[in-house]
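**Student:** Next up is a structure, given as structure tokens.
The values are calculated or read from the model by the stated rules, or taken from the named source; none is laboratory data. All figures in this text were calculated on a predicted structure; none of them were measured in a lab. Methodologically, a virtual Cβ is constructed for each residue, glycine included, from the backbone with ideal geometry; neighbour enumeration extends over all protein chains shown.
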Amino acid sequence: MSAAAADQFARDRLAELTDTYGQRLSGSDNLNRAIAWAVETMKKDGLDNVHTERVMIPKWVRGVESLEIINPPHHVIPMLGLGGSIATPAAGVEADVMVVSNGDDLTRRSAEAKGKIVLFNVPYTNYGETVLYRSGGASMAARHGAVGMLMRAVGPMAHRTPHTGGMSYAADAPRIPAAAISVEDSQRIQRLVNRGVSVRVRLKMEARFDADVESFNVVGEVRGSERPDEIVLIGCHFDSWDPGTGASDDAVGCIVTWETVRLMKKLNIRPRRTVRMVLFTNEENGLRGGNAYRDAHAKEASSHVFALESDSGVFAPARLGFSGSEAARKIVGEIATLLAPIGMQDVVPGGGGADIGPIAALGKVPTMAYGGDPTRYFTIHHTPADTVDRIDPQEVSKAAASIAAMVYVIADMPQSLPK
Ligand SMILES: [Zn+2]
């Protein structure tokens, strides 16, 4: 624990990764290069069994995009197409905006929607609730005859930042282009409409899917000394959305979990069980990495004794969440008392993660999540502001130290964590 907290190694590695490779959208050259770097770097760290596991992943390409208020008066406003959206025609889609406050409001005023661009001006409550408009809003609007969908970005107000993120189309609705705008622009359009002004916009998007491409999960281990076939899995997702450099989501999750195995090698520690680090590919717009890991490791699913993912940032106040049996929760709670000196002794309900989820479900594996303050995390989530500058080096060290201590004890204790 003191080794993890001792220096800024982890924060420096995070900066190196995000500065050098930038955004790591699935199918991008950036992601491919970052994966090659990770393999080389894990080998330099001296990890055991460093290798890649092949995954075919979707390749969505954003292309050039813009949104202009045509009238009243002309104004180009910041926007981000939603991942998975189709393009507009080359000349764009031009229409009046219909502002709705939620899905019920849209249904009630269905007759107004035909030929309009529907703007969901839905206030952010929490991610789980508000994200439903991002994932399904385009089809909701299209069912009422809309020709485009805009949404108030999923997140608290920041500095006029739109947020991108995944969406998909329902099979029973026409496909219309979909994009997010900032809270500020959403509210401005709302106020104009409230004054009886009709707001006309032109949305232009070139978004498209290319054929699936090859990608890789990256694996590195510290092999167990006594029970190498029992696996403690730790990981993160290595892909990101494209506006920022994916520092919080989820490069930092990769770096802080990676520290566990790097430090074990550096300090020459080998626990009883194998600790396996996986950088999963394509979490953001496909979950293909997590699903491929489950498929490739189905035979050893029940040999996974514990799985931990960090994919919710490292902003203070951070917390550990756990899902598993009551017997396991008790043991994890006792281990967490070791973290009292760094203020991480409370374990809250709710572990897991999107990437470890598939193997955990198959092997009935107890899971843990390391996560940061959700307001700070979701303020920059999937925006151009997701950069390393917003991440405190001390929080990175604290995350690395907590994860390393928790994982080491679980991997080395004489009895297995009960399922
Ligand atoms: Zn993420």
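**Student:** If you check ALA316 against the conditions, is it among the aliphatic types (A, V, I, L, M), surrounded by fewer than 24 Cβ atoms within 10 Å (Cβ to Cβ) and over 26 Å from ASP48 (Cβ atoms)?
**Tutor:** It is true that ALA316 is among the aliphatic types (A, V, I, L, M), surrounded by fewer than 24 Cβ atoms within 10 Å (Cβ to Cβ) and over 26 Å from ASP48 (Cβ atoms).
**Student:** Does segment 234-248 contain at least one residue that is buried (at least 24 other Cβ atoms within 10 Å of the Cβ) and over 13 Å from the mean Cα position of the chain (by Cα)?
**Tutor:** yes
**Student:** For ALA360, work out the one condition from (1) within 27 Å of THR20 (Cα to Cα); (2) among the hydrophobic types (A, V, I, L, M, F, W, C); (3) more than 16 Å from the ligand (Cβ to nearest atom) it doesn't fulfil.
**Tutor:** Among (1) within 27 Å of THR20 (Cα to Cα); (2) among the hydrophobic types (A, V, I, L, M, F, W, C); (3) more than 16 Å from the ligand (Cβ to nearest atom), the lone unmet condition for ALA360 is (1).
**Student:** Only one of these is under 30 Å from LYS299 (Cβ atoms) and not aromatic (Phe, Trp, Tyr): VAL365, VAL347. Name it.
**Tutor:** VAL365
**Student:** Could you list all residues from segment 172-206 that are touching a Phe, Trp or Tyr at 6+ places or on another chain (Cβ under 8 Å) and either under 24 Å from TYR124 (Cβ atoms) or not in a loop (DSSP other than H, G, I, E, B) (or both)?
**Tutor:** VAL183
**Student:** Kindly indicate the residue of segment 327-368 that is acidic (Asp, Glu) and surrounded by fewer than 20 Cβ atoms within 10 Å (Cβ to Cβ) and also farthest from the chain's Cα centre (by Cα) among those meeting that condition.
**Tutor:** The qualifying residue farthest from the chain's Cα centre (by Cα) is GLU334.
**Student:** If you scan segment 321-331, which residues turn out to be small (Gly, Ala, Ser) and assigned to a strand (DSSP E or B)?
**Tutor:** Those that are small (Gly, Ala, Ser) and assigned to a strand (DSSP E or B): GLY321, SER323.
**Student:** Please identify the pairs in which a residue from segment 358-374 that is farther than 24 Å from PHE315 by Cα has its Cβ atom under 8 Å from the Cβ atom of a residue that is aromatic (Phe, Trp, Tyr) and assigned to a helix (DSSP H, G or I), counting only partners at least 6 apart or on another chain.
**Tutor:** PRO358/TYR293; ILE359/TYR293
**Student:** List the pairs whose first member sits in segment 333-355 and is closer than 22 Å to GLU283 by Cβ and assigned to a loop (DSSP other than H, G, I, E, B), whose second member is more than 16 Å from the ligand (Cβ to nearest atom) and of a type in the set (S, T, N, Q), and whose Cβ atoms are under 9 Å apart, counting only residues at least 6 apart or on separate chains?
**Tutor:** What qualifies is GLY350/SER323; GLY351/SER323; GLY352/SER323.
**Student:** Give the residues of segment 188-199 that are in contact (Cβ under 8 Å) with a residue 40 or more places away in the chain, of a type outside the set (A, V, I, L, M) and exposed (fewer than 15 other Cβ atoms within 10 Å of the Cβ), sorted by residue number.
**Tutor:** The answer is SER198, and nothing else.
**Student:** While we're here: Please give the number of the condition VAL407 fails out of (1) surrounded by fewer than 23 Cβ atoms within 10 Å (Cβ to Cβ); (2) modelled with pLDDT of 95 or more; (3) not in a loop (DSSP other than H, G, I, E, B).
**Tutor:** (1)
**Student:** With respect to ILE335, determine if the residue is modelled with pLDDT of 95 or more and either within 16 Å of the ligand (Cβ to nearest atom) or in contact with an Asp or Glu (Cβ under 7 Å, 6 or more places away or on another chain) (or both).
**Tutor:** no
**Student:** Would you check which residues across segment 356-389 are in a helix (DSSP H, G or I), charged (D, E, K, R) and either closer than 22 Å to ARG329 by Cβ or touching a Phe, Trp or Tyr at 6+ places or on another chain (Cβ under 8 Å) (or both) and list them?
**Tutor:** Once the filter is applied, which keeps residues that are in a helix (DSSP H, G or I), charged (D, E, K, R) and either closer than 22 Å to ARG329 by Cβ or touching a Phe, Trp or Tyr at 6+ places or on another chain (Cβ under 8 Å) (or both), segment 356-389 yields only ARG376.
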